[in-house]
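Peer 1: Right, I'll just put the structure down here and ask away after.
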Amino acid sequence: PASRLKKMRVEEEGKISEEVDTYLYHLSKVDVQNIKCPLEWWRENRFKYPKVAIGARKWLSVCATSTPSERVFSISGLID
């Protein structure tokens, strides 16, 4: 049982590695300057690179912060 799970994990890691290699190869052939919106590109290519797309959605969905919001939190720390 444990060896079967290990074999399945190794196979899955191999598939992920192959998908990443394919994605990076494709990306090296594309003019990335022409990609206007990364989120749109990933929506269109999510079935081509499903495992990589999961990571892209995770990292591209991180909200950016702005200076005004950071000031609000800094000021709130000064209030008793």
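The values are calculated or read from the model by the stated rules, or taken from the named source; none is laboratory data. Since we're looking at a predicted model, the values are computed, not measured. Reconstructed Cβ throughout: ideal geometry from the backbone, glycine too, with neighbour counts over all protein chains shown. Quick note on the areas: whole protein, heavy atoms, side chains included, nothing else; ligands and nucleic acids left out. Shrake-Rupley method; radii C 1.70, N 1.55, O 1.52, S 1.80 Å.
Peer 1: Among Trp41, Trp59, which is modelled with pLDDT under 90 and in a helix (DSSP H, G or I)? Steps first, please.
Peer 2: Values: Trp41 fails: modelled with pLDDT under 90.
Step by step, each of Trp41, Trp59 is checked, and only Trp59 is modelled with pLDDT under 90 and in a helix (DSSP H, G or I).
Peer 1: Also: Scan region 44-56 for residues that are touching a His at 6+ places or on another chain (Cβ under 9 Å) and either open to solvent by 70 Å² or more (accessible area, probe 1.4 Å) or outside any helix (DSSP H, G or I) (or both) and jot them down.
Peer 2: Lys48, Tyr49
Peer 1: Still on this structure, please answer the following. Specify which of the listed residues (Leu27, Leu5) is within 17 Å of the chain's Cα centre (by Cα) and assigned to a helix (DSSP H, G or I).
Peer 2: Among Leu27, Leu5, only Leu27 is within 17 Å of the chain's Cα centre (by Cα) and assigned to a helix (DSSP H, G or I).
Peer 1: Let me ask you something else. Consider Glu19 carefully, then state whether it is in a helix (DSSP H, G or I), open to solvent by less than 70 Å² (accessible area, probe 1.4 Å) and of a type in the set (D, E, K, R). Walk me through it before giving the result.
Peer 2: Values: in a helix (DSSP H, G or I): yes; open to solvent by less than 70 Å² (accessible area, probe 1.4 Å): yes; of a type in the set (D, E, K, R): yes.
Criteria met by Glu19.
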